[in-house]
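Novice: Quick one: this structure, given as structure tokens, is what I'll be asking you about.
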Amino acid sequence: MHRCPRALPNLLVLSILAGLATTTPTAAVAPPAVIAEGLLRDAGGRPTSGTLLLNLIDPDATSPAAPLLAMGTAGANGRFRLRLDPSPQLSAVAARQAGFLNMRLLAVSADAKGVAMLSRRWDGKRWAPNAGPPQIDLTASAALTAVQRGELDRLRAAGTAAEQRAARGRPSVEVTGATLAGASAIGSDNPYCLRVNDRFLTAYTVIGELHTWRDMTATFGYGTSADSDISAGFSFDGGKTWSLGGQLHVGNATSTRSTKTVSANYYGRTIRSQFEYVKYHYAGWFCYDDTVYQSPWRWTGGGIIEGTSQAQFDGKCGRTYPKVYLYGRNTTWSRTDNDFWNWSAAASVLGLSLKAQSGASSSADLTYTFGSATSYHRICGSDDYPARATRVFAGP
């Protein structure tokens, strides 16, 4: 009978230990980046728990689907945090809006709901907010019906089941106090909601302003891509009364560019261009409720008209506004960086007064040309030097 050498078990043990010693530990999977976080309050302003649903708003979508990107809960302290991976599909959507994703955040407490609209841009490391604070302060104040509460229970159950499936693969959305499935589990191709467009409207919306003093020409250019953040609104009573819900980014590309040039002395006015807006609602699983929305949809690609007078701010460089640039004869200055002023009453849509802000860029630029009739020309910034100021004034 053949017997194994007594030394063999020891060799096996040494071999196994050596193999274990050279095995590289599996790296921990990093959680997806935070795309929305903040505080949920009840109608009395107190922190409250609730469920949060984040839906994509895609003006160029070929279908009416409004994909559910993330889902989570706020704990008893009202804090919530939703996470989302920048998938190739979402990157393609963002590319059509100059790198931004526009979204609706619906919060539902035990007996009420609230809405916020937000825009985020992936900068390679994080989801960066463009307009408005990074922390969302959201109030659930509109009462829920019994049917809507039942639909929410069904959606929560679906999220829990999806989370269990996701636990075998990638991490799900992290939420303060609890964890529910997010985009990695639910998937952007599984729309819980359909967007139903009720009406399209156009409105000339402030994109910037122009100011001149003596012997200077000012030009404001817009296009070939839009570059504006404009208010979105919502209504809990079918459109009778509206509330502002945050600002969305309009960055659609066109093949056109519009400019306004002023050579007149002592000029100061806002400049408006034409944008398309849409009134819509959601239909589908827990999306059919009575909330009605209006959002900026796209820049139409043209139209420049004068707005309200702003001449009262000119002629004050060096006194009221000490951040001054001085230019001699036959010189120029231009700006293509940093955000301009966030205008209130930039447009009115369905009776709601909207805010709008353009970002100085290759798509929204300001240029001054100074003549030879006077030795010196002054421009100044409202809150910094003109290169970084939100507003640029002229004179004396």
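The values are calculated or read from the model by the stated rules, or taken from the named source; none is laboratory data. Remember, predicted model here, so these are calculated numbers, not experimental data. All Cβ positions, even for glycine, are placed from backbone atoms using ideal geometry, and neighbour counts span all protein chains on display.
Novice: Are any residues in region 286-319 of a type in the set (Asp, Glu) and either touching a helix residue (DSSP H, G or I) at 6+ places or on another chain (Cβ under 8 Å) or modelled with pLDDT under 95 (or both), and if so, which ones?
Specialist: Answer for region 286-319, where residues must be of a type in the set (Asp, Glu) and either touching a helix residue (DSSP H, G or I) at 6+ places or on another chain (Cβ under 8 Å) or modelled with pLDDT under 95 (or both): 289, 290.
Novice: Would you call residue 206 assigned to a strand (DSSP E or B), buried (at least 23 other Cβ atoms within 10 Å of the Cβ) and touching a Ser or Thr at 6+ places or on another chain (Cβ under 7 Å)?
Specialist: yes
Novice: What residue, among those in region 91-128 that are closer than 15 Å to residue 246 by Cβ and of a type in the set (D, E, K, R), is surrounded by the fewest Cβ atoms within 10 Å (Cβ to Cβ)?
Specialist: Top of the filtered list is 121.
Novice: Buried (at least 23 other Cβ atoms within 10 Å of the Cβ) and assigned to a strand (DSSP E or B): does that describe residue 201?
Specialist: On the way: buried (at least 23 other Cβ atoms within 10 Å of the Cβ): no; assigned to a strand (DSSP E or B): yes.
The answer is no for residue 201.
Novice: Among the residues of region 237-259, which ones are over 22 Å from residue 56 (Cβ atoms) and in a loop (DSSP other than H, G, I, E, B)?
Specialist: If the condition is that a residue be over 22 Å from residue 56 (Cβ atoms) and in a loop (DSSP other than H, G, I, E, B), then 237, 238, 239, 240, 241, 242 are the ones that fit.
Novice: Which of the following residues is of a type outside the set (S, T, N, Q), at pLDDT 85 or above, within 23 Å of the chain's Cα centre (by Cα) and not assigned by TED's automatic domain parsing to the domain that holds residue 367: 136, 207?
Specialist: After ruling out the rest, the residue left standing is 136.
Novice: Of everything in region 33-76, what is in a loop (DSSP other than H, G, I, E, B), more than 18 Å from the chain's Cα centre (by Cα) and of a type outside the set (A, V, I, L, M, F, W, C)? Give them in sequence order. Even if it seems obvious, please write down each step before you answer.
Specialist: First, the residues of region 33-76 that are in a loop (DSSP other than H, G, I, E, B): 42-46, 48-49, 58-64, 67, 75-76.
If we keep only those that are more than 18 Å from the chain's Cα centre (by Cα) too, we end up with 42-46, 48-49, 62-64, 75-76.
Within region 33-76, 42, 44, 45, 46, 48, 49, 62, 63, 64, 75 meet the criteria.
Novice: So residue 91 passes all but one of these: (1) hydroxyl-bearing (Ser, Thr, Tyr); (2) modelled with pLDDT under 90; (3) touching a His at 6+ places or on another chain (Cβ under 6 Å). Which condition number does it fail?
Specialist: The number of the failed condition is (3).
Novice: For residues that are part of a loop (DSSP other than H, G, I, E, B) and either touching a strand residue (DSSP E or B) at 6+ places or on another chain (Cβ under 9 Å) or at pLDDT below 70 (or both), scanning just region 139-155, find the one that is surrounded by the most Cβ atoms within 10 Å (Cβ to Cβ).
Specialist: 140
Novice: Could you please give the count of residues in region 343-381 that are of a type in the set (S, T, N, Q) and either more than 20 Å from residue 272 (Cβ to Cβ) or in contact with a helix residue (DSSP H, G or I) (Cβ under 6 Å, 6 or more places away or on another chain) (or both)?
Specialist: 5
Novice: Do we find a residue being in contact with a helix residue (DSSP H, G or I) (Cβ under 7 Å, 6 or more places away or on another chain) and at pLDDT 95 or above anywhere in region 268-285?
Specialist: Within region 268-285, one or more residues are in contact with a helix residue (DSSP H, G or I) (Cβ under 7 Å, 6 or more places away or on another chain) and at pLDDT 95 or above.
Listed here are the residues, each with its yes/no results for (1) surrounded by 18 or more Cβ atoms within 10 Å (Cβ to Cβ); (2) over 30 Å from residue 240 (Cα atoms); (3) in contact with a His (Cβ under 6 Å, 6 or more places away or on another chain).
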| site | (1), (2), (3) |
| --- | --- |
| 308 | no, no, no |
| 314 | yes, yes, yes |
| 365 | yes, yes, no |
| 373 | no, yes, no |
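Novice: Please count how many residues of region 236-246 are at pLDDT below 95 and either touching a Pro at 6+ places or on another chain (Cβ under 7 Å) or surrounded by 18 or more Cβ atoms within 10 Å (Cβ to Cβ) (or both).
Specialist: 4
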